[in-house]
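The structure appears below as structure tokens.
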Amino acid sequence: MNIKKKEIASEIFTGSMADISFLLIIYFMITSAFSADRGMDFALPEDTDTPEIKQEDSIDVHVLRGGAIEVDQKALPLEGLLPYTLEKLKQNPEKPVILRTDPDATYGDMIRVFDRLRQASSEWTDVDGQPLYKDVHGNPLLGIKTISIPTQREIENLWSMLGIQ
Amino acid sequence: MALIRGRDKKVAAQIFTASMADIVFLLLVFFILTYKVEVDRTKMDLPDTWIRIKVPEKAAVISISPPDDRGGLPLTIRVSTGKEMSLPVSTDEEIVTFASTEVARDPNKEFIIKADEAVPYERVDAVLDALKQSKAKYIFLLSDQKTVDE
């Protein structure tokens, strides 16, 4: 006797696939964010390798309220900051730049100046990364070696050590 | 004869949906790959800079938003370990405690300062001071891309 096997259709039900996919898309769209993920970096000095920096041994950049700057106690436009720094570093490439900001200035004012200082490495080199300037000893100048951002408390501590009110 | 002159043959109106699954999956894969939970969603105007490097993904975030004149909200500082959503802090000591705990866990922990450009520098200075006290080593100042017309 021939027994015919009844064939069972094997199918994966895909009717709800679109619903699930859309649900997942909506979830990822809402929870993910195109956040700002870039910025300017700087490393804080460790206690062991912090040399004592004197104001006269450095380039003192003071950001005033309103965004104007004073470099070594002289008013200077922002465009003049890097040329001035370049001339100073040609004499002594180890000179650090101290970036002080008035507490009443805004964060944006300070960042504008910090960004300008950081541009030294790209402005003082050509497109191939070759240095355009040299110091008095003939060594290439590739940028500002040290940019120090002291906090108000550190400045006050230093002033009290020096006996300045 | 039943033929009526001038009547057009009916065309079935259908939307072609066969490629919908492909499009949906393409979008799904895109969102899964770019998925990143933002630990601090405070809306603010970041300062614009030319120099911008990518910040580490798991860095701790300290956000400083300016006082809101319309809503009467004061200047707000929020902190996040980089894994959980940010929480508000009210004193500088809390920032020191937060940062010290993070540095104790990982001495090379990076910190992102996300501050509005209109925030008085005094507050950013206080946060920097707290990070210095906590022996933090690496700091990133979040910014937007500067363009030539700015």
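The values are calculated or read from the model by the stated rules, or taken from the named source; none is laboratory data. What you see is a predicted model, and the numbers here were worked out from it, not measured in a lab. All Cβ positions, glycine included, derive from the backbone under ideal geometry; neighbour counts span all protein chains shown. SASA here: full protein model, heavy atoms, side chains in, ligands and nucleic acids out. Shrake-Rupley method; radii C 1.70, N 1.55, O 1.52, S 1.80 Å.
Using R0 = 22 Å, the C-beta based FRET efficiency linking B:Arg105 and B:Lys54 works out to 0.45. Under 20 Å of direct C-alpha separation, and excluding same-chain neighbours fewer than eight residues apart, B:Lys36 reaches these aspartates and glutamates: A:Asp37, B:Glu57, B:Glu84, B:Glu110, B:Asp144. Under a crude label model (7 Å from the Cα following the beta-carbon direction), how far is A:Trp159 from A:Lys90 in nanometres? Placing both labels 7 Å beyond Cα along the Cβ direction yields 3.4 nm.
Could you calculate the contour length gain from A:Ile30 to A:Glu46, that is, 0.36 nm times the residue separation minus the distance between their Cα atoms, to one decimal place in nm? Walk me through the intermediate numbers first.
Numbers: separation 16, 0.36 × 16 = 5.76 nm, distance 4.14 nm.
Separation in residues times 0.36 nm, less the Cα-Cα distance, equals 1.6 nm.
Of chain B, which part is the longest with no trypsin sites (Lys or Arg not before Pro) in a loop (DSSP not H, G, I, E, B) and with at most 10 other C-beta atoms within 10 angstrom?
Details: sites that count: B:Arg5, B:Arg7, B:Lys9, B:Lys10, B:Lys43, B:Arg70, B:Lys83.
Excluding the exposed sites themselves, the longest stretch runs over B:84-150.
Put simply, chains B and A cover up around 4400 Å² of each other's accessible surface, both sides summed, when a 1.4 Å probe is used.
Which GluC sites (Glu not before Pro) in the stretch A:52-161 pass both tests, a DSSP loop state and at most 14 other beta-carbon atoms within 10 Å? Spell out each step's value before the answer.
Numbers: sites: A:Glu52, A:Glu56, A:Glu70, A:Glu79, A:Glu87, A:Glu94, A:Glu123, A:Glu154, A:Glu156; in loops: A:Glu52, A:Glu94.
Filter output for the stretch A:52-161: A:Glu52, A:Glu94.
Here the average projected area of the convex hull drawn through the C-alpha atoms of chain A stands at 22.0 nm². What FRET efficiency would be calculated for the residue pair B:Gln145, A:Ile20, taking the C-beta separation as r and a Förster radius of 45 Å, to the nearest 0.05? In this case the efficiency is close to 0.75. Which residue, chosen from A:Gly80, A:Gly39, A:Gln91, occupies the Cα position most advanced towards the positive end of the dipole of the protein assembly as shown, where the dipole is computed from +1 (Lys, Arg) and -1 (Asp, Glu) charges on Cβ about the Cα centre? Most positive-ward Cα: A:Gly39.
Based on the Cβ-Cβ distance of B:Leu75 and A:Ser10, what FRET efficiency does E = 1/(1 + (r/R0)^6) give at R0 = 41 Å, to the nearest 0.05? Please report the intermediate quantities before stating the final value.
Numbers: r = 65 Å, r/R0 = 1.58.
The computed FRET efficiency comes out at 0.05.
Going down the list A:Lys95/B:Lys58; A:Lys134/B:Lys114; A:Lys74/B:Lys109; B:Lys83/B:Lys137; A:Lys95/B:Lys132, which pairs span over 31 Å between their C-alpha atoms? Distance filter (> 31 Å) returns A:Lys95/B:Lys58; A:Lys134/B:Lys114; A:Lys74/B:Lys109. Each of A:Leu78 and B:Leu27 was given a label point 7 Å from its Cα along the Cα-to-Cβ line. The distance between the two points is 4.1 nm.
Dipole magnitude of the stretch B:48-145 about its Cα centre, charges +1 at Lys/Arg Cβ and -1 at Asp/Glu Cβ only, in debye to the nearest 20? List each step's numbers first, then the result.
Numbers: 13 positive and 17 negative charges, 96 e Å.
Using only the charged Cβ atoms, the result is roughly 460 debye.
Direction-averaged projected area, Cα convex hull, the protein assembly as shown: 37.0 nm², rounded to one decimal.
With all protein chains in place and a 1.4 Å probe, the accessible surface of chain B carries 58 percent carbon and sulfur.
The residues neighbouring A:Arg38, those whose beta-carbon lies less than 9 Å from its own, together hold a net charge of 0 under the Lys/Arg +1, Asp/Glu -1 convention. Full extension of the segment from A:Asp57 to A:Asp126, taken as 0.36 nm per residue of separation minus the current Cα-Cα distance, would add 22.0 nm. Farthest toward the dipole's positive end in chain A, which of A:Val127, A:Gly108, A:Ile20, given Cβ charges of +1 (Lys, Arg) and -1 (Asp, Glu) about the Cα centre? Final value for the positive-end residue is A:Ile20.
Taking Cα pairs under 8 Å and at least six residues apart, what relative contact order does chain B come out at, in percent?
Numbers: 197 pairs, mean separation 38.3, N = 150.
Computed value for chain B: 26 percent relative contact order.
For the stretch A:102-165, trypsin sites (Lys or Arg not before Pro) meeting the loop criterion (DSSP other than H, G, I, E, B) and having at most 14 other Cβ atoms within 10 Å: A:Lys145.
Would you mind working out the accessible area per residue for the protein assembly as shown, using a 1.4 Å probe, and quoting it in Å²? The partial results should precede the final answer.
Numbers: 20280 Å² over 315 residues.
About 64 Å² of surface per residue is accessible.
Grab the DSSP H runs of the protein assembly as shown that are 4 residues or longer, score each as -39,500 (n - 2.57), total them, divide by all residues and round the 222 nm result to the nearest 500 deg cm²/dmol.
Details: 8 runs with 94 residues, N = 315.
That calculation yields -9000 deg cm²/dmol at 222 nm.
The charge dipole of the protein assembly as shown, taken about the Cα centre with unit charges on the Cβ atoms of Lys, Arg (+1) and Asp, Glu (-1), comes to about 2140 debye, rounded to the nearest 20.
Computed on the Cα atoms alone, the convex hull of chain B gives a volume of 251 cubic angstrom per residue.
Got a number for carbon plus sulfur as a percent of the stretch A:59-162's accessible area, 1.4 Å probe? Working shown, then result.
Values: 2650 of 5250 Å².
C and S atoms contribute 50 percent here.
Summing charges over all other residues whose Cβ lies under 15 Å from the Cβ of B:Ser90, with Lys and Arg as +1 and Asp and Glu as -1, gives -1.
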